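The values are calculated or read from the model by the stated rules, or taken from the named source; none is laboratory data. Note that the structure is a prediction, hence the values are computed from the model and not measured. All Cβ positions, even for glycine, are placed from backbone atoms using ideal geometry, and neighbour counts span all protein chains on display.
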Amino acid sequence: MNELPILSILILLPIFGIFFMTLIRNNNDQSSNNLKHTALWISFLNFLISLYLLFAFNQQDADFQFEERYFWIENGISYHLGVDGISILFIVLTTMLVPICILASYDSIKFSVKEYLISFLALETFMIGVFCSLDLVLFYLFFEGGLIPMFLIIGIWGGERRVYSTFKFFLYTLAGSVFMLLAIIYIFITAYTTDVSYLLDYNFTQNEQIILWLAFFASFMVKIPMWPFHTWLPDAHVEAPTAGSVILAGVLLKMAGYGFIRFSIGFFPEASELFAPLIFTLSIVAIIVTSLIALVQEDMKKLIAYSSVAHMGFVTLGIFTFTVQGIEGSIIQMISHGIVSAALFLCVGVVYDRLHTREISRYGGLVNKMPLYAFTFMIFILASLGLPGTSGFVGEFLVLMSIFSINTYFAIFATTGVVLAATYSLWLYRRMIFGALIKDDLSEMFDLTRREIIIFVPLIILTVFIGIYPKPVMDIIEPSAKKIVSQVNGKLN
Amino acid sequence: MENILHIIPEIFIFCSALMLLILGLFIKKIKLINNLSILSLLIAIALVINQPYQSIYFNSYINDEFSSLFKIMISIGSIVTLVMFISSRENLHINLYEFPILILFSTLGMMVMVSANDLLAMFIGLELQSLSLYVLAALNRNSLLSSEAGIKYFILGALSSGLLLFGISYIYGFSGNTNFNLIAVNYNSDSLGLLIGIVFVLAGLAFKVSAVPFHMWTPDVYQGAPTPITAFFALAPKIAAMGLLVRFLFNSFGEMYLDWQQIIFFISIASMMLAAFAAIAQTNIKRLMAYSSIGHIGYALIGVACVSSEGLRSLLIYLMIYLVMNIAVFTAILSLKRNDAYFENISDLSGMYKNHPFTTILVALMMFSLAGIPPLAGFFGKFYIFVAALESNMVFLAITGIIASVISAFYYLRIVKIMYFDEPKEEFDGVNILTLQVLFYPSSFLVILFFIYPAPIIQFSEFAIKSFY
């Protein structure tokens with residue numbers, strides 16, 4: 001069973017789809033529908049394969065599974081893939097969100113459909129590659145390569161200020177990542193390899209660790225994003241098409257969180273411990289400041305974007321507690337945020353497709369016309385503010401618990417973020433959904449279509465399921481999280 | 001007589017250039033002469049591959065792995081230029097049979113350059129190459145820009161040759177030899193005269209590779225010269241001059257590298273930084289490519305400044321990738337044609353993807369590759385340059401390099417932005433002619449798919465630097 005190179009198949013299938021789609025002409029509605037169906041089926045097939053991966057995954061084993069290793073560039077830099085309990089959920093999240101995104105853009109993308117779908121499939125390849133690769137150069141290749149399709153998605157199909165936003169997105173991320181490239185090169189010439197499973201056992205000296213940690217941090221803090229380098233995110237979200245925002249919030253931000261767990265903590269435990277207070281401070285500032293900024297937003301997407309920054313603050317808090325709970329909580333928080341924020345952007349997309357505005361004040365009283373939509377939106381708003389019984393609660397709870405065990409003051413400040421999240425989310429909900437339907441142009445609004453229901457149902461099920469019964473998810477994460485924590489503690493002592 | 005066998009490729013190119021020159025006088029079939037020139041260059045590549053590695057003529061002329069690789073790259077650059085010439089010769093008013101012959105002479109000069117192990121052989125090769133290039137730059141006599149380019153290049157080139165010759169005389173005077181290896185044996189490291197000689201020779205060579213502060217000719221010549229010749233400037237002479245620079249520095253002054261390392265260090269940083277900023281304001285795509293090539297030479301010079309086997313290896317990897325990327329980009333520039341008129345302004349690319357989706361995505365990927373974004377080939381070039389830099393503890397150079405690469409990403413992205421995000425204009429002819437297609441598609445696919453298995457290029461580069469380390 002393990003003979004099958006399943007991870008390579010996951011990575012290459014979208015490429016195969018791209019090749020197939022370049023052969024399809026795109027000159028009328030019929031052919032563009034064919035293209036959409038092809039892309040949808042390819043990505044759905046990829047989702048099924050990733051489900052198989054999840055099914056075949058051995059939950060007791062904390063080591064890397066489904067490993068593939070081929071000679072690639074030279075000795076020390078190989079094509080090395082593998083998953084463990086930390087990365088496998090992100091792969092499934094990615095393969096799940098891509099078909100949803102493609103389905104969500106069936107009607108909203110009006111021109112250059114072929115290029116759009118090809119960009120999305122290329123992006124899927126890069127995203128899966130990031131979570132699978134066990135070689136730093138390969139990781140960097142996928143990590144940075146994803147910028148190209150995302151640059152085009154925001155730039156071509158985005159809103160009015162798309163050029164500014166996409167340049168900001170690209171250059172911010174690139175500027176952060178090049179330092180990571182230098183760090184990777186440094187690792188290569190000191191350890192003679194960039195193989196992750198080898199480097200996890202390698203001991204860097206303390207000075208090396210500090211410099212390398214900072215270089216990785218430069219890249220991940222821009223990508224996750226942490227205050228004060230978060231400003232590209234609201235811009236990119238606002239201008240990106242709905243599906244672009246979904247992927248950006250759902251997966252691209254998680255790459256950095258994954259990187260923190262895998263590389264920053266795994267390779268440089270001493271430096272991580274040294275810099276943990278810095279991370280805590282920045283995270284708490286991010287949680288409080290961006291929540292307050294979210295309160296005053298007039299634009300729905302901007303509000304959700306700022307709330308993403310706040311939620312990612314919880315993730316970084318949890319990771320740098322070096323506890324099993326904290327790391328588990330961060331991963332669940334990321335998965336949950338991947339589902340919930342993706343769903344929230346889709347919810348925004350639903351009304352945007354109808355009214356073509358994202359201004360909150362243009363809406364109000366939607367519950368009268370769109371009861372199903374109001375219900376869906378409510379679930380995700382509640383999940384976003386971390387109501388018990390939704391997936392958002394599990395992650396935040398675990399993270400807060402772990403931070404409490406480390407430092408009470410940090411925990412108290414972090415908890416205020418939960419209150420603020422409730423404030424801005426519920427207020428957004430009230431302004432949009434409740435009240436009387438007095439605005440004229442809202443009378444034309446219609447409820448969710450069948451396609452939109454198909455999109456939302458799996459997300460709702462997952463949100464509630466993880467919230468009520470998180471054990472299956474935690475079972476997958478736990479062995480690997482324990483292993484990382486014990487490794488870190490072993491190196492620290 | 002035996003020695004002649006070792007310079008068979010050079011002799012072959014020389015003879016075929018002379019014969020084609022006579023042939024051109026009597027039959028005015030330019031296409032035939034061009035095709036025969038391509039054929040003779042192909043044969044020359046085959047001869048280079050089968051050449052034994054040996055140094056001849058009292059060690060003043062070396063055939064080794066290094067020179068063979070450079071000769072192949074140079075020949076490929078020349079062939080590409082000649083293929084571009086076929087489709088564009090009439091519209092660009094350069095329909096002259098001298099074109100392929102001048103390219104052949106120039107190629108011959110460059111082959112001598114990369115094999116030269118003697119100051120005189122070096123100068124002969126350099127001048128043969130340069131004189132042909134002066135004429136080529138001004139080939140379109142009716143165009144003011146082309147004539148300006150030719151004159152400018154000639155005056156500045158003559159000046160640089162003068163500096164070079166001055167430096168050569170100093171080196172000869174203070175070491176008593178013209179042979180690179182003998183200079184290395186006989187020099188006196190305290191000698192100020194030698195240092196002056198090195199500085200002047202380096203100034204002359206920096207002019208040839210167009211490194212800052214000797215780059216001023218590049219944008220004007222790139223813009224003024226007809227596009228196939230611009231492509232030739234970008235492809236062959238720089239690579240050849242780089243090979244010569246390496247041989248000159250490593251063979252004759254390999255042990256006193258501390259004296260010249262800082263010079264290379266400086267011109268490398270200056271080239272990267274100046275190019276990154278100056279290119280942002282360009283409106284003409286050929287001018288932009290001129291600054292781009294200055295920047296790329298800056299990166300390649302990091303490989304020289306490292307003075308290590310990793311440095312040389314990365315230099316070769318970088319030059320090979322640079323060659324392929326430039327082939328694709330210049331072919332694309334040549335395809336910006338509408339009703340027999342060529343377009344060179346960046347704004348003319350506006351919205352190009354609506355009319356030419358496939359070509360545009362390839363050009364966009366070339367831009368990303370030039371910017372060094374993975375997984376494209378340009379990234380691997382930069383990756384190995386930085387590996388070499390960090391291995392030689394040149395952290396400052398590496399950090400400057402990555403900062404410059406982020407800044408330069410901006411102007412490459414600007415082209416992508418104009419092609420994709422702006423309003424479309426009229427349709428171009430596009431890459432519709434076979435001669436352009438055979439250049440554009442293979443080179444761009446090579447750049448895009450390079451990441452699948454880059455090992456051969458890297459091993460090949462390691463093989464090629466054997467004679468130095």
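If you go through region B:440-448 one residue at a time, do you hit one that is within 12 Å of another protein chain (Cβ to nearest Cβ), surrounded by fewer than 22 Cβ atoms within 10 Å (Cβ to Cβ) and closer than 30 Å to B:Q459 by Cβ? Show your work before the answer.
Of all residues in region B:440-448, those within 12 Å of another protein chain (Cβ to nearest Cβ) come to B:448.
Checking the rest, the ones that are also surrounded by fewer than 22 Cβ atoms within 10 Å (Cβ to Cβ) come to B:448.
This time we only want the ones that are closer than 30 Å to B:Q459 by Cβ, so: B:448.
Looking through region B:440-448, at least one residue is within 12 Å of another protein chain (Cβ to nearest Cβ), surrounded by fewer than 22 Cβ atoms within 10 Å (Cβ to Cβ) and closer than 30 Å to B:Q459 by Cβ.
Take A:L93 and tell me if it is within 14 Å of chain B (Cβ to nearest Cβ) and either surrounded by 19 or more Cβ atoms within 10 Å (Cβ to Cβ) or part of a helix (DSSP H, G or I) (or both).
It is false that A:L93 is within 14 Å of chain B (Cβ to nearest Cβ) and either surrounded by 19 or more Cβ atoms within 10 Å (Cβ to Cβ) or part of a helix (DSSP H, G or I) (or both).
Pull out all pairs, ordered by first then second residue, where Cβ-Cβ is under 7 Å, the residues are six or more apart or on different chains, the first lies in region A:61-75 and is on the phi > 0 side of the Ramachandran plot, and the second is part of a loop (DSSP other than H, G, I, E, B).
Every condition considered, the pairs that remain are A:F66/A:N2.
When region A:420-469 is examined, which residues are found to be under 25 Å from A:L292 (Cα atoms) and not in a helix (DSSP H, G or I)?
First pass over region A:420-469, keeping only residues under 25 Å from A:L292 (Cα atoms): A:420-435.
Correct list: A:F434, A:G435.
Specify which of the listed residues (B:L449, B:L434) is at pLDDT 90 or above and more than 21 Å from the chain's Cα centre (by Cα).
None of the other options fit; the residue is B:L449.
Residues that are surrounded by fewer than 18 Cβ atoms within 10 Å (Cβ to Cβ), closer than 29 Å to B:S16 by Cβ, under 22 Å from the mean Cα position of the chain (by Cα) and of a type outside the set (D, E, K, R): does region B:149-162 have at least one?
yes
So which residues in region B:353-384 are aliphatic (A, V, I, L, M), more than 10 Å from every other protein chain (Cβ to nearest Cβ) and not in a helix (DSSP H, G or I)?
none
With the structure loaded, tell me whether A:D84 is within 24 Å of A:S330 (Cβ to Cβ) and either within 14 Å of chain B (Cβ to nearest Cβ) or over 23 Å from the mean Cα position of the chain (by Cα) (or both) or whether it fails that test. So that I can check it myself, show each step before the final result.
On the way: within 24 Å of A:S330 (Cβ to Cβ): yes; either within 14 Å of chain B (Cβ to nearest Cβ) or over 23 Å from the mean Cα position of the chain (by Cα) (or both): no.
No; evaluated as a whole, the condition is false for this residue.
Select from region A:163-172 the residues that are buried (at least 23 other Cβ atoms within 10 Å of the Cβ) and at the interface with another protein chain (Cβ under 10 Å from one of its Cβ atoms) and write down the one among them that is farthest from A:S219 (Cα to Cα).
A:T166
Report, ordered by the first and then the second residue, all pairs with beta carbons closer than 8 Å, sequence separation of six or more or different chains, a first member in region B:60-78 that is more than 13 Å from B:G109 (Cα to Cα) and assigned to a helix (DSSP H, G or I), and a second member that is of a type in the set (F, W, Y) and at pLDDT below 95.
Going by the 8 Å Cβ cut-off, the qualifying pairs are B:E65/B:Y53; B:E65/B:F463; B:F66/B:F468; B:S68/B:Y53; B:L69/B:F460; B:G77/B:F232.
Sort out which residues of region B:42-65 are touching a helix residue (DSSP H, G or I) at 6+ places or on another chain (Cβ under 8 Å) and farther than 30 Å from B:T178 by Cβ, and write them in order of number.
Within region B:42-65, B:L42, B:I43 qualify.
Please specify each residue of region A:100-147 satisfying the condition of being more than 9 Å from every other protein chain (Cβ to nearest Cβ), surrounded by 23 or more Cβ atoms within 10 Å (Cβ to Cβ), among the aliphatic types (A, V, I, L, M) and assigned to a helix (DSSP H, G or I).
A:I100, A:I102, A:A104, A:L117, A:L121, A:L123, A:M127, A:I128, A:V130, A:L136, A:L138
If you go through region B:215-241 one residue at a time, how many are surrounded by 24 or more Cβ atoms within 10 Å (Cβ to Cβ) and not in a helix (DSSP H, G or I)?
Final tally of qualifying residues: 3.
The conditions are (1) more than 28 Å from A:I460 (Cα to Cα); (2) surrounded by 24 or more Cβ atoms within 10 Å (Cβ to Cβ), and A:F314 fails exactly one of them. Which is it?
Status for A:F314: all satisfied but (1).
Which condition does B:V447 not pass, out of (1) touching a residue at least 40 places away in the same chain (Cβ under 8 Å); (2) over 28 Å from B:A278 (Cβ atoms); (3) not hydroxyl-bearing (S, T, Y), if it passes all the others?
(2)
Kindly indicate the residue of region A:69-81 that is closer than 29 Å to A:V485 by Cβ and surrounded by fewer than 18 Cβ atoms within 10 Å (Cβ to Cβ) and also farthest from the other protein chains (Cβ to nearest Cβ) among those meeting that condition.
Among those that are closer than 29 Å to A:V485 by Cβ and surrounded by fewer than 18 Cβ atoms within 10 Å (Cβ to Cβ), it is A:R69.
Is region B:419-427 home to any residue that is within 11 Å of another protein chain (Cβ to nearest Cβ) and crowded, with 23+ Cβ neighbours inside 10 Å?
yes
Within region A:241-273, can you find the residues that are of a type outside the set (K, R) and under 18 Å from A:T194 (Cα atoms)? Before the answer, list the steps.
Taking region A:241-273 first, the residues of a type outside the set (K, R) are A:241-253, A:255-261, A:263-273.
Within region A:241-273, A:Y258, A:G259, A:F260, A:I261, A:F263, A:S264, A:I265, A:G266, A:F267, A:F268, A:P269 meet the criteria.
Regarding B:N142, is this residue modelled with pLDDT under 95 and touching an Asp or Glu at 6+ places or on another chain (Cβ under 8 Å)? Before you say what the answer is, go through the steps one by one.
On the way: modelled with pLDDT under 95: yes; touching an Asp or Glu at 6+ places or on another chain (Cβ under 8 Å): no.
Answer is no for this residue.
Take the residues in region B:124-152 that are assigned to a helix (DSSP H, G or I) and among the polar types (S, T, N, Q); name whichever of them is farthest from B:S78 (Cα to Cα).
Of all residues in region B:124-152, those assigned to a helix (DSSP H, G or I) come to B:124-137, B:144-152.
Filter once more, keeping what is among the polar types (S, T, N, Q): B:129-130, B:132, B:146-147.
Details: B:Q129: 12, B:S130: 14, B:S132: 13, B:S146: 20, B:S147: 22 Å.
Among residues in region B:124-152 that are assigned to a helix (DSSP H, G or I) and among the polar types (S, T, N, Q), the one farthest from B:S78 (Cα to Cα) is B:S147.
Does at least one position in region B:334-342 carry a residue that is in a helix (DSSP H, G or I) and out of contact with any Cys (no Cβ under 8 Å at 6 or more places or on another chain)? Quick ask: steps written out before the conclusion?
Of region B:334-342, the ones in a helix (DSSP H, G or I) are B:334.
Imposing the further condition that a residue be out of contact with any Cys (no Cβ under 8 Å at 6 or more places or on another chain) reduces the set to B:334.
Checking region B:334-342: at least one residue is in a helix (DSSP H, G or I) and out of contact with any Cys (no Cβ under 8 Å at 6 or more places or on another chain).
Against the condition in contact with a Phe, Trp or Tyr (Cβ under 9 Å, 6 or more places away or on another chain) and at positive phi, how does B:S160 come out, does it pass? Step through it out loud before you land on a result.
On the way: in contact with a Phe, Trp or Tyr (Cβ under 9 Å, 6 or more places away or on another chain): yes; at positive phi: no.
Considered against the rule, which asks whether it is in contact with a Phe, Trp or Tyr (Cβ under 9 Å, 6 or more places away or on another chain) and at positive phi, B:S160 comes out as no.
Going by the structure shown, is B:S55 surrounded by fewer than 23 Cβ atoms within 10 Å (Cβ to Cβ) and either more than 26 Å from B:S461 (Cα to Cα) or among the aromatic types (F, W, Y) (or both)? Please lay out each step first, then the result.
Numbers: surrounded by fewer than 23 Cβ atoms within 10 Å (Cβ to Cβ): yes; either more than 26 Å from B:S461 (Cα to Cα) or among the aromatic types (F, W, Y) (or both): no.
Taking the combined requirement at face value, the residue does not satisfy it.
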